[in-house]
1. Give all pairs with beta carbons closer than 7 Å in which a residue from the range 23-51 that is of a type in the set (D, E) meets a residue that is part of a loop (DSSP other than H, G, I, E, B) and modelled with pLDDT of 95 or more; count only pairs at least 6 apart in sequence or on separate chains.
2. How many residues does the range 44-93 hold that are among the polar types (S, T, N, Q) and touching a Cys at 6+ places or on another chain (Cβ under 9 Å)?
3. For the range 140-166, which residues satisfy the criterion of being open to solvent by less than 90 Å² (accessible area, probe 1.4 Å) and touching a residue at least 60 places away in the same chain (Cβ under 8 Å)?
4. Conditions: (1) modelled with pLDDT of 95 or more; (2) open to solvent by 80 Å² or more (accessible area, probe 1.4 Å); (3) β-branched (V, I, T). V67 meets all but one. Number of the miss?
5. Between a first residue in the range 82-97 that is closer than 15 Å to E114 by Cβ and among the polar types (S, T, N, Q) and a second residue that is open to solvent by 50 Å² or more (accessible area, probe 1.4 Å) and part of a strand (DSSP E or B), which pairs have beta carbons less than 9 Å apart while being 6 or more apart in sequence or on different chains?
6. For the subset of the range 75-110 comprising residues that are part of a helix (DSSP H, G or I) and touching a helix residue (DSSP H, G or I) at 6+ places or on another chain (Cβ under 8 Å), which member is farthest from K35 (Cα to Cα)?
7. With the requirement that a residue be assigned to a helix (DSSP H, G or I) and within 15 Å of the chain's Cα centre (by Cα), what does the range 35-74 give you?
8. When you check T29 against the structure, is it at pLDDT 95 or above, assigned to a strand (DSSP E or B), under 18 Å from I115 (Cα atoms) and in contact with a helix residue (DSSP H, G or I) (Cβ under 8 Å, 6 or more places away or on another chain), yes or no?
Amino acid sequence: MKIFKSVLVLALIMSLASASAHKYYVSITKIEYVKEQQSVQIITRIFIDDFERLLKERFDDKIVLDVNADETQIDSYIKKYLLSRLKIDINGKQSIINFIGKEYDGDVVQCYLEIEKVESIKSFSIENSVLYDLFSDQKNIVRTHINGKDKSFILIPENDKGMLNF
């Protein structure tokens, strides 16, 4: 009877631990239009463990997102993936997004991107499907500062586009 109680208590503890260990899948993308530089500057923050898992499945199962890893190869994978998952239209035309680089900040990788030669913004739309191909409950938060106005979107797989008119 004592063993039964011990097993029951252990099972209860494990079920509670797994219930409280629910993981949230989220990225945050900050977009700012710097009129003086005619530039749209983009910073995407993604949890390292989630992004590493995706890059392993997509490109190389031995990849490790770490400052001591092969940065050139990692950057090429990140660039290829992000440019396939981020689409931005400015004034009704698809923009060319340039991957600038990345850096690690604790458990997050910050990816820097830019759109150059943007004289003005009258309309802005973004499609952000980062990590949707890995996590069905992924949420991508997009925060913008364009023409002096701050706007935010929460994009989900069923609604991965945001639109602003100025």
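The values are calculated or read from the model by the stated rules, or taken from the named source; none is laboratory data. The structure presented is a predicted model; accordingly, all values stated were derived computationally and were not measured. Methodologically, a virtual Cβ is constructed for each residue, glycine included, from the backbone with ideal geometry; neighbour enumeration extends over all protein chains shown. These accessible areas exclude ligands, DNA and RNA; they are computed on the full protein's heavy atoms, side chains included. Shrake-Rupley method; radii C 1.70, N 1.55, O 1.52, S 1.80 Å.
1. Close Cβ pairs satisfying both conditions: D50/L131.
2. Selection size over the range 44-93: 1.
3. Listed by number, the residues that qualify are N140, I141, V142, T144, H145, I146, N147.
4. Condition (1) is where V67 drops out.
5. S95/K87; S95/D89
6. First pass over the range 75-110, keeping only residues part of a helix (DSSP H, G or I): 75-85.
With touching a helix residue (DSSP H, G or I) at 6+ places or on another chain (Cβ under 8 Å) added as a condition, the list becomes 77-78, 81.
Details: Y77: 30, I78: 27, Y81: 28 Å.
Here the residue is Y77.
7. Residues of the range 35-74 that are assigned to a helix (DSSP H, G or I), as a first pass: 35-37, 48-58, 71-74.
Selection gives I48, D49, D50, F51, E52, R53, L54, L55.
8. no
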